[in-house]
1. Taking the Cα centre of segment 30-136 as origin and charging only Cβ (+1 Lys, Arg; -1 Asp, Glu), how large is the dipole, in debye to the nearest 20?
2. Where the centroid of each part is defined by its Cα atoms, how far is segment 187-216 from segment 38-66 in Å?
3. Compute, for the chain, the length of the dipole vector about the Cα centre, with Cβ point charges of +1 (Lys, Arg) and -1 (Asp, Glu) only. Units Debye, rounded to 20.
4. Assuming R0 = 25 Å, can you tell me the calculated FRET efficiency for the pair Val77 and Thr139, based on Cβ-Cβ distance, to the nearest 0.05?
5. In the structure displayed, which of Lys61/Lys117; Lys190/Lys212; Lys43/Lys127; Lys5/Lys117; Lys11/Lys216 lie more than 24 Å apart, Cα to Cα?
6. Does segment 30-136 come out rounded, prolate or oblate by the C-alpha gyration tensor, with a ≥ b ≥ c the root eigenvalues, rounded set by a/c under 1.5 and, if not, prolate when a/b is larger than b/c and oblate if not?
7. Cut-off is 10 Å between beta-carbons; in what order do Thr89, Thr139 appear when sorted fewest neighbours first?
8. Need one number: nm distance between label points at Asp95 and Lys186, each 7 Å from Cα along Cα→Cβ, rounded to one decimal.
Amino acid sequence: MLTVKATQILKTLRAAKPWHIEFGMTWYARAYKQCQQISKTHKVPLVKVVGVLAALSPNNKWERNVMDTMNMCYAYVNNEQYSDVKVCTYNANKDKAIRILEITKTNWDYTPNWVVKEIETILSGRKTTAFFRCIDNHTSNIDTVCVDGHAKNIYTGERHALSSNGSNMTPRQYRVITDSYIKAAKLYNKKHGTTILPYQVQAITWVAHREKLGIK
C-alpha cells in the first residue's frame, strides 16, 4: 500500500542539474504562453485552448500535442470537419477536445466558473484534469500535481522507462503520490529557503528522471 513519503522525490530533486531546475520551474508557465499564442492566433478563448491541450495530451509527445491543439482550434474557427484533423492520441480524447470547443458561447472577456467546471467534467480523468489546472492556474496553483507514470516511478524510486500514462493508478494512489509531492516541496523549501511549488517539483524531477533514462 502506498503511503505519503517524499524520500525518492527529494532524492531526484537534489540530484537535478541546474538546467533541469530552470526548465522545470518554468515549464507550465511556458505551456500557458503557448496556449495564449494559439488563443490569439485562432481567436479561441484561452481556457478552451488549455482544455483542448489537456484533452489531447495522453500518450502524445509535447510538440505534437501543441500541433494537434492548433489544428483542432483551426478546424473549429473555420467550420472544417473535425474528422479531417489527425491527432496522435485516442479518438475518445479527440471527442473530449471537440466537446470543449463546442461549449456554449458566453462572455469570453472573463472565464466564468461554470466553464472551468464544464471543461473539467469533460476531461474527467485525474491526470488530464490536473494537467489542465497546472497550466491554467500556474500562477496560483499550490496543491495540484500532474501525476503520470514517470511521476509515479520517481515516487517509488523505480528507474524503468514506463509510459507516461497515469490511468492505471487508483484514486487513492493518485492522491497519495500528489500529497507526497506536496510534502517534498515543503521539506525542500524549509531546508533551502526556497518557494518551489509542488507542480514545479513534479516538472523538475520529471525532466531529470527522463534524461537519466534517456527518454526523449
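Every number in this text was worked out from the coordinates using simple rules, so none of it is lab data. Keep in mind the model is a prediction, meaning the values are calculated, not measured. Reconstructed Cβ throughout: ideal geometry from the backbone, glycine too, with neighbour counts over all protein chains shown.
1. Roughly 300 debye, rounded to the nearest 20.
2. Centre-to-centre (Cα) distance: 24 Å.
3. Charge dipole of the chain: 800 debye, to the nearest 20.
4. With R0 = 25 Å, the Cβ-Cβ based efficiency is 0.40.
5. Among Lys61/Lys117; Lys190/Lys212; Lys43/Lys127; Lys5/Lys117; Lys11/Lys216, the Cα-Cα distance tops 24 Å for Lys61/Lys117; Lys190/Lys212; Lys43/Lys127; Lys5/Lys117.
6. The shape class here is rounded.
7. Going from sparsest to densest Cβ surroundings: Thr139, Thr89.
8. 4.1 nm
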